[in-house]
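Worksheet: the structure to be examined is printed underneath.
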Amino acid sequence: MTAWLARKMGKIGCAAAMVLGIAALAGPAAAGGPGTLTITSGIQQRSWTVEQLLRDPRLTEISIDDENLKQRFTLKAIPFATLLAGLPATADGSATTAASDGYVSHLPMRMLMAEGKAQPRAWLAVENPAAPWPRLKGQGIGPFRLVWTSPAGGAGKVTESYWTYNIERIDIAASPAERHPAIRPAAGQPADGPVMRGFAAFQRVCLSCHSLNREGDSHLGPDLNMPYSPVEYLGDDKLAQLIRNPQSLRWWPEARMPSIDPQTLPDAEVKDLLAYFHHMAATRKPQAPAAGHRQ
């Protein structure tokens, strides 16, 4: 459900399929390969190599409280909003980042486009091969990362799920809910009710790795409503336990799902997420077996 889940689950075949799937969101164009970042919005596409961005006059040195490395860190970065200049991007859209290992993250454009001092600001960090960044769990996290600076006082802190790394491609399009109608709750749910709040939490925390009703940009984790919802076969208490500490519920040495801490998903949002899963299970429509399935 967070970056660590996808990175531990992203075997070669899944990663290749995921990158190809994300490329399809914006058409036939594909990422330029290692050391190249591609941003696509509509029919427009821009690509940069590491060398080009390291020479970019917009590149500046920033200090961040690094959510990936869990330390204060200084690096070179470009304000993300400046990379979008001239592209058909609006604040109500969504950006899907695709990493080289298959991790996918959905970020609201309003956050990526923010430039004021009173709100978090997104930056594209660029790794200099001559001065590589520290490794994370033994793995490199470059050459492109999305990092954030926060206003003085720590207000509006951005959760770890939005700190993405190993980025190769960014596609700007409609929000996941618009592109995947099957993940939306039934019409008539109160906008401020638990189901819609849980839907927002699902898009932010779970959709990076999971599908629902067989729709989504990633299939690194199992579908969360087909053929059954985890609230049906685990129940609320066990599912909440699984979210907080997967190994406490089903231990095995090669487990890939990490713990989702209260900073990333507060207890109140866990309850909302459960409400969303119950709603989606109750409104699930039967689907024909997949092609090739024997009765």
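The values are calculated or read from the model by the stated rules, or taken from the named source; none is laboratory data. From a predicted model like this one, the values you see are computed outputs, not experimental measurements. No Cβ is skipped: glycine too gets one built from the backbone with ideal geometry, and neighbour counts run over all protein chains shown.
Do we have any residue at all in region 131-152 that's under 15 Å from the mean Cα position of the chain (by Cα) and in a loop (DSSP other than H, G, I, E, B)? No, there is no match, as no residue in region 131-152 is under 15 Å from the mean Cα position of the chain (by Cα) and in a loop (DSSP other than H, G, I, E, B).
Restricting Arg145, Arg135 to residues that are in contact with a strand residue (DSSP E or B) (Cβ under 7 Å, 6 or more places away or on another chain), under 19 Å from Arg72 (Cα atoms) and of a type in the set (D, E, K, R) narrows the list to Arg145. Listed residues Gly188, Gly140, Gly216; which is free of Cβ contacts under 8 Å to residues at least 60 places away in the same chain and closer than 27 Å to Leu59 by Cβ? Answer to the selection: Gly140. Kindly list the number of the only condition in (1) part of a loop (DSSP other than H, G, I, E, B); (2) acidic (Asp, Glu); (3) assigned by TED's automatic domain parsing to the domain that holds Gln119 that fails for Asp261. Failing condition for Asp261: (3).
Taking strands (runs of 3 or more DSSP E) as the structural unit, those lying wholly within region 33-92 and holding at least 1 residues that are charged (D, E, K, R), at negative phi and at pLDDT 90 or above correspond to 44-49, 60-66, 71-79.
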